[in-house]
Amino acid sequence: MKVHNTLGNGFQEVIYQRCLAIELERAGLQFGREIEQKIYYEGVEVGTRRADFVVENQVIVELKALVNLEDVHLAQAKNYVVAYDFPVGLLINFGATSLQFKKIFNPKYNLANPKIK
């Protein structure tokens with residue numbers, strides 16, 4: 001919220017990503033930016049994707065800078081959470097006049113192989 005309150009809307013996604021990295025660092029949170037993750041289809045690697053952030057090895061964070069979030073953006077964030085096998089994700093849109101965010105849960109989360117330490 002601080003990033004959106006400080007900058008407002010209208011910047012490119014990468015600007016918000018850099019500012020959020022500063023705020024995560026100031027908060028003392030461990031995170032990775034643009035970490036490449038393998039995508040599998042029925043056990044076969046079919047490519048890679050990069051989520052904007054992986055925070056505390058627990059949460060996938062996907063950023064947008066759009067006038068309004070649409071279902072396709074929510075689907076993308078959900079796909080990342082499921083494909084990376086994380087329990088939860090966060091979709092944040094800095095492009096709207098009011099900050100938009102959605103918490104995403106992974107209904108297929110593999111409890112037998114948790115990433116949370």
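The values are calculated or read from the model by the stated rules, or taken from the named source; none is laboratory data. This one's a predicted model, so the numbers in the text were calculated from it and none came from an experiment. Glycine gets a Cβ as well: all are built from the backbone with ideal geometry, and neighbour counts include every protein chain shown.
Filter the range 77-99 for residues that are closer than 21 Å to residue 18 by Cβ, at pLDDT below 95 and within 14 Å of the chain's Cα centre (by Cα) and give the result.
77, 80, listed by residue number.
Run down 108, 78 and say which single residue is touching a helix residue (DSSP H, G or I) at 6+ places or on another chain (Cβ under 9 Å) and charged (D, E, K, R).
Answer to the selection: 108.
Restricting attention to the range 1-56, report how many residues are in contact with a Lys or Arg (Cβ under 7 Å, 6 or more places away or on another chain) and farther than 17 Å from residue 77 by Cα.
Summing the residues that are in contact with a Lys or Arg (Cβ under 7 Å, 6 or more places away or on another chain) and farther than 17 Å from residue 77 by Cα in the range 1-56 gives 3.
Name the residues in the range 6-44 that are in contact with a strand residue (DSSP E or B) (Cβ under 7 Å, 6 or more places away or on another chain), at pLDDT below 90 and not basic (Lys, Arg), would you?
35, 36, 37, 39, 40, listed by residue number.
Taking the range 4-17 on its own, how many of its residues are under 15 Å from the mean Cα position of the chain (by Cα) and among the hydroxyl-bearing types (Ser, Thr, Tyr)?
1
Among the residues of the range 40-50, is any crowded, with 18+ Cβ neighbours inside 10 Å and either under 22 Å from residue 20 (Cβ atoms) or of a type in the set (Lys, Arg) (or both)?
Within the range 40-50, none of the residues are crowded, with 18+ Cβ neighbours inside 10 Å and either under 22 Å from residue 20 (Cβ atoms) or of a type in the set (Lys, Arg) (or both).
Residue pairs, Cβ under 9 Å, 6 or more apart or interchain, first in the range 42-61 and more than 16 Å from residue 24 (Cα to Cα), second surrounded by 10 or more Cβ atoms within 10 Å (Cβ to Cβ) and aromatic (Phe, Trp, Tyr). List them.
Once the first residue is more than 16 Å from residue 24 (Cα to Cα) and sits in the range 42-61, its partners that are surrounded by 10 or more Cβ atoms within 10 Å (Cβ to Cβ) and aromatic (Phe, Trp, Tyr) give 46/40; 49/80; 49/84.
Out of the residues in the range 1-29 meeting the condition of being more than 14 Å from residue 93 (Cα to Cα) and of a type in the set (Asp, Glu), tell me which one is surrounded by the most Cβ atoms within 10 Å (Cβ to Cβ).
The extreme case among them is 23.
Could you list, in sequence order, the residues of the range 18-29 that are within 15 Å of residue 54 (Cβ to Cβ) and under 14 Å from the mean Cα position of the chain (by Cα)?
Selection gives 20, 21, 24.
Scan the range 78-85 and tell me whether some residue there is over 18 Å from residue 107 (Cβ atoms) and surrounded by 17 or more Cβ atoms within 10 Å (Cβ to Cβ).
no
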